[in-house]
Amino acid sequence: MSSKKKKSPKVVIGVVDTMFARFDMGAAARDELAQCPGYGSKFTVTSRTVPGFKDLAVAAKNLIEKDGAAIVVALGMPGSAPIDKQCAHEASQGLMTAQLMTSTPILEVFVHEDESDDPAILASVFENRSRSHARNAYWMLFEPEQLRARAGQGVRQGFADAGPLR
Amino acid sequence: MSSKKKKSPKVVIGVVDTMFARFDMGAAARDELAQCPGYGSKFTVTSRTVPGFKDLAVAAKNLIEKDGAAIVVALGMPGSAPIDKQCAHEASQGLMTAQLMTSTPILEVFVHEDESDDPAILASVFENRSRSHARNAYWMLFEPEQLRARAGQGVRQGFADAGPLR
Amino acid sequence: MSSKKKKSPKVVIGVVDTMFARFDMGAAARDELAQCPGYGSKFTVTSRTVPGFKDLAVAAKNLIEKDGAAIVVALGMPGSAPIDKQCAHEASQGLMTAQLMTSTPILEVFVHEDESDDPAILASVFENRSRSHARNAYWMLFEPEQLRARAGQGVRQGFADAGPLR
Amino acid sequence: MSSKKKKSPKVVIGVVDTMFARFDMGAAARDELAQCPGYGSKFTVTSRTVPGFKDLAVAAKNLIEKDGAAIVVALGMPGSAPIDKQCAHEASQGLMTAQLMTSTPILEVFVHEDESDDPAILASVFENRSRSHARNAYWMLFEPEQLRARAGQGVRQGFADAGPLR
Amino acid sequence: MSSKKKKSPKVVIGVVDTMFARFDMGAAARDELAQCPGYGSKFTVTSRTVPGFKDLAVAAKNLIEKDGAAIVVALGMPGSAPIDKQCAHEASQGLMTAQLMTSTPILEVFVHEDESDDPAILASVFENRSRSHARNAYWMLFEPEQLRARAGQGVRQGFADAGPLR
């Protein structure tokens, strides 16, 4: 299969992360993508690192516009102070606007520093959420039926699924 | 009638829902639309499922721009934590901007997980609100006089109507 | 006068209201406009009704872009729960953006359900505010000197004027 | 000098104010501009009055786009209730967006009704802030070195300067 | 090297600061940039001063569009009152939108007046954060591998780094 498709342009998945986060979210996302079918043949991954989560939006937009990304996974860690929540809001609005300007999905993967007091639990949230959304990005491009099959199922990333209402 | 109109392009109604919600809101909306006059002849329905409610806006925009939807019903369930309210705000702003960029209505159908503690009541809110707004979408395209007749009447979706002021 | 101007295209004033409101705000606005000089000759009124106040923005934009409205009066009633305040904020942002995208004024006429506990007072606020802003729309198009003469005068709509600082 | 430049188009400074404010802020701004060097020869002033501060943004945008203003001073008075703060936020966002859409500065001059309980003090804030920002508008167009010289100096409008950190 | 490149257009880094801040943040940023390799040969710095932090966004946009800046460092000091937090939010949203409209990064460098009660500590935050983000701007243009190497390392500006999660 790869020999036939070698000359068709590969789909690009963008990954953008930050120096500010206290976990290497981008590495987790890239590792997950590397395990998806067709990695390196039907799709490739392009990455950027920016200072903080408020710098993600324009970087994601440039991954789409200049690097041709068909979808972007944008990973960041808002801190726990009230001002951090406001900054997270601004960062999210930016990611929303970037998506609408480019008509291209950007999956926002934010882990709030105060989601757990236990560093081990927090690390697992970072790891799992980054991986789950990387997988979602792959599904959105190549296997949308995976999403459809889970519609309304209370699916979560980072913690256990809530499940459907009973 | 259908034989005459077979060659005219059918109007498309878009439906986008999420894996995150704990109820299959998209199924309820699609079922309601299937009961509207002209289903399959004068209009068809196109659907997408995205991970969460913050992913609805760009998906709705793409249903309009790429799938030709004349209106979109966007269904999601914000959770009950404070951060979920902020995310709901961002998701709503995105849906608002998507409408203005495309000059096309997107009906936001959000059921907040904390609207009721009783799962049975909450399920009925999911069901009714999804159906009511699907019906509203149909009316906006084909029977605007239905909306006009109810102007200022305190109409609600999900719970009972508030009715006009007395 | 009307015989001379009969062939010049009439100015259009748009009115958009909701099923959600508990008072027929659109009827009050239209009635006020019908009492303004030149109604039906120098200007006409075009109306739409939408489900709720978050649907006003795109409807107002379409009244401008597709129906040629030179100004729009957008009428709605936010409810009294905290989530309603957030929704009102989103609706207002949408109306703001719609104005800036079209370079056309849209007068936001919102009556919050909790402005009075007394239904009779609330009804008078609905009536007066809807009428006052309809009049403002007329002034903005045809008699801007009326606005200029009241600059800094603490003019209010719905309740009594605050008046200038003493 | 004026004889040489008589035929070059004069720079336009826009002023927009409201009926809602309880002080004639536009008059103070215009009076200050009338005292700036080159008033009437190198620059002129164009004014509009709108109903309230949420109407400032589109009016400012039209002063730029239709009246050719190179900068606009937008003056308004948010009230003291919580809902007024939210409205002020929406008005500010509109002024921000209008600037970015036109790549033209709009100086927001807001005096909050609750900045002082003393009407005499509040009046002086209205007067001083309106004048200071009118002067800033002049400086931005014609004497940017005045701004540069005050960088990081804790300059305020309306109340006394905070001064640089000690 | 400089002799070869003399005729190639130099990259421009923009710096915009305010009169409102109580520290000369722009001077600190410019001094840091003057110490970066290639200052004056491979890149130059262009500056503007505006009244307050809500004026930064359009000024930054103009540095990009009219002065050709490839990146902008935008420096400001929000005050400590609640209304200042709201204004900071509006200013941040403006900087976010300006980035997305120009597809060009603008590094927001805000020091909140209440980050420390001790003027000496606050001054060091102003100094360090302004310098760190000026350096980040340089890295983003010329040494992106510096950012990549620090991904997920809990890097801070102004105070000590938080470091990665343990």
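The values are calculated or read from the model by the stated rules, or taken from the named source; none is laboratory data. The shown structure was predicted, so the numbers you read here are calculated from the model rather than taken from an experiment. Please note: Cβ atoms are built from the backbone with ideal geometry, for glycine as well, and neighbour counts cover all protein chains shown. Surface accessibility is based on the protein's heavy atoms, side chains included, excluding ligands, DNA and RNA. Shrake-Rupley method; radii C 1.70, N 1.55, O 1.52, S 1.80 Å.
Each row is one residue, and each column tells you yes or no for (1) among the acidic types (Asp, Glu); (2) over 20 Å from residue B:77 (Cα atoms); (3) more than 13 Å from the chain's Cα centre (by Cα).
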site	(1), (2), (3)
A:69	no, yes, no
A:74	no, yes, no
A:108	yes, no, no
A:120	no, yes, yes
A:128	no, yes, no
A:135	no, yes, no
A:138	no, yes, no
A:151	no, no, yes
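Test residue C:125 against the criterion of being touching a Leu at 6+ places or on another chain (Cβ under 8 Å) and more than 9 Å from chain D (Cβ to nearest Cβ), and give yes or no.
On the way: touching a Leu at 6+ places or on another chain (Cβ under 8 Å): no; more than 9 Å from chain D (Cβ to nearest Cβ): yes.
No, not satisfied.
Among the residues in the stretch D:111-132, are any touching a Pro at 6+ places or on another chain (Cβ under 6 Å) and either open to solvent by 50 Å² or more (accessible area, probe 1.4 Å) or under 30 Å from residue C:107 (Cα atoms) (or both)? Break it down into steps so the answer makes sense when it comes.
Taking the stretch D:111-132 and keeping what is touching a Pro at 6+ places or on another chain (Cβ under 6 Å), we get D:112.
Filter once more, so that each one left must be either open to solvent by 50 Å² or more (accessible area, probe 1.4 Å) or under 30 Å from residue C:107 (Cα atoms) (or both): D:112.
Within the stretch D:111-132, one or more residues are touching a Pro at 6+ places or on another chain (Cβ under 6 Å) and either open to solvent by 50 Å² or more (accessible area, probe 1.4 Å) or under 30 Å from residue C:107 (Cα atoms) (or both).
When you scan the stretch A:8-32, how many residues do you find that are open to solvent by less than 10 Å² (accessible area, probe 1.4 Å) and either touching a Phe, Trp or Tyr at 6+ places or on another chain (Cβ under 6 Å) or over 11 Å from residue A:48 (Cβ atoms) (or both)? Outline the logic, then answer.
Here is the first cut: in the stretch A:8-32, the residues open to solvent by less than 10 Å² (accessible area, probe 1.4 Å) are A:13-19, A:21, A:25-26, A:28-29.
From what is left, the residues that are either touching a Phe, Trp or Tyr at 6+ places or on another chain (Cβ under 6 Å) or over 11 Å from residue A:48 (Cβ atoms) (or both) are A:13, A:18-19, A:21, A:25, A:28-29.
Here the count works out to 7.
Please tell me if residue E:38 is under 28 Å from residue D:143 (Cα atoms) and at pLDDT 95 or above.
Considered against the rule, which asks whether it is under 28 Å from residue D:143 (Cα atoms) and at pLDDT 95 or above, residue E:38 comes out as no.
Restricting to the stretch D:49-83, name every residue that is in contact with a strand residue (DSSP E or B) (Cβ under 6 Å, 6 or more places away or on another chain), among the hydrophobic types (A, V, I, L, M, F, W, C), open to solvent by 10 Å² or more (accessible area, probe 1.4 Å) and within 10 Å of chain C (Cβ to nearest Cβ).
D:59
Could you tell me whether the stretch E:86-99 includes any residue that is within 7 Å of another protein chain (Cβ to nearest Cβ), at positive phi, touching a residue at least 12 places away in the same chain (Cβ under 8 Å) and crowded, with 22+ Cβ neighbours inside 10 Å?
There is no residue in the stretch E:86-99 that is within 7 Å of another protein chain (Cβ to nearest Cβ), at positive phi, touching a residue at least 12 places away in the same chain (Cβ under 8 Å) and crowded, with 22+ Cβ neighbours inside 10 Å.
Going by what's in this entry, would residue C:130 be described as more than 9 Å from every other protein chain (Cβ to nearest Cβ) and of a type in the set (Ser, Thr, Tyr)?
Details: more than 9 Å from every other protein chain (Cβ to nearest Cβ): yes; of a type in the set (Ser, Thr, Tyr): yes.
When the stated conditions are applied, residue C:130 passes them.
Would you pick out the residues in the stretch C:136-166 that are open to solvent by 60 Å² or more (accessible area, probe 1.4 Å) and facing chain D (nearest Cβ under 10 Å)?
C:144, C:145, C:148, C:149, C:150, C:153, C:161, C:166
Considering only residues that are of a type in the set (Ser, Thr, Tyr) and farther than 13 Å from residue E:21 by Cβ, which ones fall in the stretch E:35-79?
Keep residues of the stretch E:35-79 that are of a type in the set (Ser, Thr, Tyr), which gives E:39, E:41, E:44, E:46-47, E:49.
Listed by number, the residues that qualify are E:39, E:41, E:44, E:46, E:47.
When you look at residue B:86, is it within 30 Å of residue A:139 (Cα to Cα) and at pLDDT below 95, yes or no? Working first, answer last.
Details: within 30 Å of residue A:139 (Cα to Cα): yes; at pLDDT below 95: yes.
Criteria met by residue B:86.
Among the residues of the stretch D:7-41, count how many are more than 16 Å from residue D:72 (Cα to Cα) and more than 7 Å from every other protein chain (Cβ to nearest Cβ).
Going through the stretch D:7-41, the residues more than 16 Å from residue D:72 (Cα to Cα) turn out to be D:7-9, D:19-24, D:35, D:37-38, D:40-41.
Then drop every residue that is not more than 7 Å from every other protein chain (Cβ to nearest Cβ), which leaves D:7-9, D:35, D:37-38, D:40-41.
Result for the stretch D:7-41: 8.
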